[in-house]
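Have a look at the structure below before the remarks.
The values are calculated or read from the model by the stated rules, or taken from the named source; none is laboratory data. From a predicted model like this one, the values you see are computed outputs, not experimental measurements. Cβ atoms come from the backbone with ideal geometry, glycine included; neighbour counts cover every protein chain shown.
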Amino acid sequence: MQESLNPLLLLVKAVPLAFLALFPVINPIGTAVILLGMTGPIDSQTRRTIAAKIALNTFILLTVVLFIGSYLLSFFGLTIPTVQAAGGLVLASMGWRMLHEEDGETKQNPGSEATTFGERLFYPFTFPITVGPGSIAVALTLSAHTQNEAFINTACRQAGAVIGIVGVCVAVYLSLAYSELLARRLGPSGTKVMLRMMAFIVVCLGAEIFWNGAATLIRQSLMTK
């Protein structure tokens, strides 16, 4: 009853909830290291342009999931565990390829940067590298959490969640746009080691996300018998 009388309080509470729920899953710094290896040596302006577009894609994707994600899953007859299982496999396979790439394979020809990166900005740079199955699952959870019988309460909670998403996207942009500064501090050898470590972590994250979804599906299957 108290919450229904304070819609502004609901908005304020939703901001840190959304930010803190999404930030560790997206992990902007770890994502920046991964994309640093996938983009190769490019100029600062191009990197900032790529970072801005990925951050915008991240905002659009998370916001769409926040508002209509649950309806889309229902329309296609999908469940969150199914999304986790399939997305986990995709993420693990990408990490596996990154883990076994030669150093030269991640570099791009300067003349083909615009075309090559333009085709890869959404997949795989935004999804599933930046916004993976885990982030989608969190956004779906936030979508369910923001729903309320009172329209004003739902609107305020969703507005707060959107502000939290904006904060995460700003962190994504800053991390990606200035990832070369991190590379300079690490040096060539340190960067290679960090890239291999992050690739292995991506494999592990994919396996973990897949198992979480698969285990839930197995339990649901056993319960129906």
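Couple of notes before you dig in:
- Among residues that are within 13 Å of the chain's Cα centre (by Cα), modelled with pLDDT of 90 or more and in a helix (DSSP H, G or I), Cys156 is not included.
- Selection status of Leu182, surrounded by 15 or more Cβ atoms within 10 Å (Cβ to Cβ) and part of a helix (DSSP H, G or I): yes
- Out of Met223, Met194, Met198, one residue alone is surrounded by 21 or more Cβ atoms within 10 Å (Cβ to Cβ) and farther than 30 Å from Ala14 by Cβ. It is Met198.
- Of all residues in segment 38-82, those satisfying the criterion of being within 21 Å of Ala214 (Cβ to Cβ) and not in a helix (DSSP H, G or I) are Gly77, Leu78, Thr79.
- You will find that of Thr126, Thr146, Thr82, the residue that is modelled with pLDDT under 85, hydroxyl-bearing (Ser, Thr, Tyr) and buried (at least 18 other Cβ atoms within 10 Å of the Cβ) is Thr146 and no other.
- Filter pass, Tyr123 being farther than 19 Å from Leu8 by Cα, within 14 Å of the chain's Cα centre (by Cα) and without any contact (Cβ under 8 Å) to a residue 12 or more places away in the chain: yes
- When Ile60, Ile50, Ile54 are screened for being free of Cβ contacts under 8 Å to residues at least 12 places away in the same chain and either surrounded by fewer than 17 Cβ atoms within 10 Å (Cβ to Cβ) or within 13 Å of Phe125 (Cβ to Cβ) (or both), only Ile60 passes.
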